[in-house]
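> Handing you a structure now.
No lab work stands behind these numbers, since they all come straight from the coordinates. Here the structure is a predicted model, which means the values were calculated and not measured. Methodologically, a virtual Cβ is constructed for each residue, glycine included, from the backbone with ideal geometry; neighbour enumeration extends over all protein chains shown.
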Amino acid sequence: MNKQWWIPLIIVIAFGIESIVPNFLPVYFFSQYVIIVPRILFIVLLFITVFYDEKQGQLYAFLSGVVMDIVFTEIIGIYIFWYPATIYLVRKVMKYWHNNLFVTGLVAFIAVTFLETGIFWIHAILNTVDVPFKYFVEHRLIPTLIFNFIIYLVFSYPLKKRLVKLAKMKSEESMFQS
Amino acid sequence: MPQFFMNKRLIILLAGIIILVALIGFSLRERELTWPEQFVKDSAGFLQNIVAKPAHLVSNIVEGVSDIKKTYDENKVLKERLDEYAQIKVKADRLEKENEELKALIEKEKDLASYTTHHATVIARNPDRWNEALTIDKGEVHGVKQGMAVVTAEGMIGKIKSAGRITSTVQLLSTVDRTNRVHVTIQGKSDIYGLIEGFDLKTQQLIVKQIPFEEKVKKDMDVVTSGLANIFPKGLYIGKVVKVEHDQNGLTQTAYVKPAANFYNIENVIVVERELESQMDGEGQGESS
């Protein structure tokens, strides 16, 4: 398969999985009141930004934001802003740090917290949410972080390997062309 | 000052924020989808369909195995209920026939309670569950329209928020949204009307407001749709009253209703289309009361 198709393909698969997982998540396992948000697509975007190409990561973050807003929230202006904004901050931070899996994990942890809080904040302003901040942290943020940490542990290594390989292929290609 | 305007980044940022706010304002209104949105939705729905089918298959197999384990116990209970069933069946047949005859007598074919159904499968769910939305695999092509009621076997779960060509979005009753209102009947000795105006996340109960203060609402009363305000048919089951409170102003009461349907792990839903057209509402209301 042609290698430039790999990145969109990974994103599309992540989007597909993310949209069906919440319907099967065993919420009953813990409690009915706990809400777990899978952020598979966001973690993939973050990996593309860190290990593949910053600018492409930013672009894909914007496009996925548009799709998320249209398909799920139906309020255009939530993910379209928070996905690129978070990825932009990640880019700024990663300039000063090494991009190994441990540091990226830490950055992903902070980025997901930032994203969740940002989305909660904008919903609170728009009055489409009526829970206090404390309830949000206890019943949504902490379970979400734990769940996404597990996802990170499982998928980070193979994903990184694939992306680094693709980045290498890309840089070799551009060397030949110049 | 000139330098301020020369700063290209700042200008772009400001323009971006203005566009963003305008977009939010535009999309918060109750509206029909624009065509680019429909296009994106349907393409995404096509993809989600591909992913959802194997997922449902796996979940069915898992469910099947756990069902087999329970079969023996269930069979025992069902055998006991079988005699009861025959009696109820005879009674229901008789009542239905009687109802038909009476309707023929007053020359009325359709009423608010009659409806047709469309079966659909859930292919996606909003991952951040701030607004609880499901995507189903039926759209305008299959006869699904905006505003129709959506039920599962246990009870009503929501309404169609927007319909695309081949997929549509269901807004659950538990969504906090000022457009998410359902007119309901609480079945006491006489019908008591109220309005679902929200969902209490902490207790997982629906909040029914605007009940007149003189009506006596008690615990365990059944709550169904009234069929008067929306384009839902009459008599879709919603849940049971758990708690009643007087409002601060003393003019109305608020009831807390435990929904009968489970809002989690929904796989198959039924979209309900009322047979009576909405423009005939005036006539229908007069007769049904």
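> Just going by the charge dipole of chain A, with Lys and Arg at +1 and Asp and Glu at -1 on Cβ, which of A:Leu101, A:Leu41, A:Phe155 is farthest out on the positive end?
A:Leu101
> Quantify how much of the Cα-Cα distance distribution of region B:1-100 extends past 16 Å, in percent.
Distances greater than 16 Å cover 81 percent of the Cα pairs.
> Counting other C-beta atoms within 10 Å, and keeping those with at most 11, which DSSP coil GluC sites (Glu not before Pro) do you find in region B:87-181?
Answer by residue number: B:Glu107, B:Glu109.
> What do you get for the angle between helix A:101-126 and the principal long axis of chain A? Use alpha-carbon atoms, 0 to 90 degrees, nearest ten.
Tilt relative to chain A: about 40 degrees.
> Then there is this: Given N residues in chain A, what is Rg(Cα) / (2.2 N^0.38 Å)?
1.07
> Something else now. Mind putting together the pair-distance distribution for region B:182-259? All Cα pairs, 5 Å bins, whole percent per bin, short to long.
Result returned by the calculation: 3, 18, 30, 27, 16, 5, 1.
> When only Cα pairs under 8 Å and 6 or more residues apart are kept, what is the percent relative contact order across chain A?
Answer for chain A is 26 percent.
> Please compute the net charge surrounding B:Glu80, taking Lys and Arg as +1 and Asp and Glu as -1 over other residues with Cβ under 15 Å from its Cβ.
After counting each charged neighbour, the total is -1.
> Which residue fluctuates the most in chain A, going by a Gaussian network model with Cα springs under 10 Å, if the choices are A:Pro22, A:Pro84, A:Pro38?
A:Pro22
> Could you pull the Cα extents of the protein assembly as shown along its three principal axes, largest to smallest, in whole Å?
Largest first, the protein assembly as shown extends 88, 64, 42 Å along its Cα principal axes.
> At 1.306 mPa s and 10 °C, plugging the Kirkwood radius over alpha-carbon pairs of chain B into Stokes-Einstein gives what diffusion coefficient in µm²/s?
In µm²/s, the coefficient is 72.
> Among all helices in chain B defined by DSSP H, which have a length of 20 Å or more along the axis from Cα atoms plus a Kyte-Doolittle mean of at least 0.5?
B:8-28
> Same structure, new question: Which whole-angstrom value gives the distance between the alpha carbon centres of region A:75-105 and region B:97-127?
51
> Based on the alpha carbon coordinates of region B:133-289, what radius of gyration and maximum Cα-Cα distance (Dmax) apply, in Å?
Using the Cα atoms of region B:133-289, the pair Rg, Dmax is 15.6, 48 Å.
> Let me ask something else. How about region A:21-111: which trypsin sites (Lys or Arg not before Pro) there are in a DSSP loop, with at most 13 other Cβ atoms within 10 Å of their Cβ?
Answer in residue order: A:Lys95.
> Mind checking the dipole of chain B: about its Cα centre, +1 per Lys or Arg Cβ, -1 per Asp or Glu Cβ, Debye to the nearest 20?
1080
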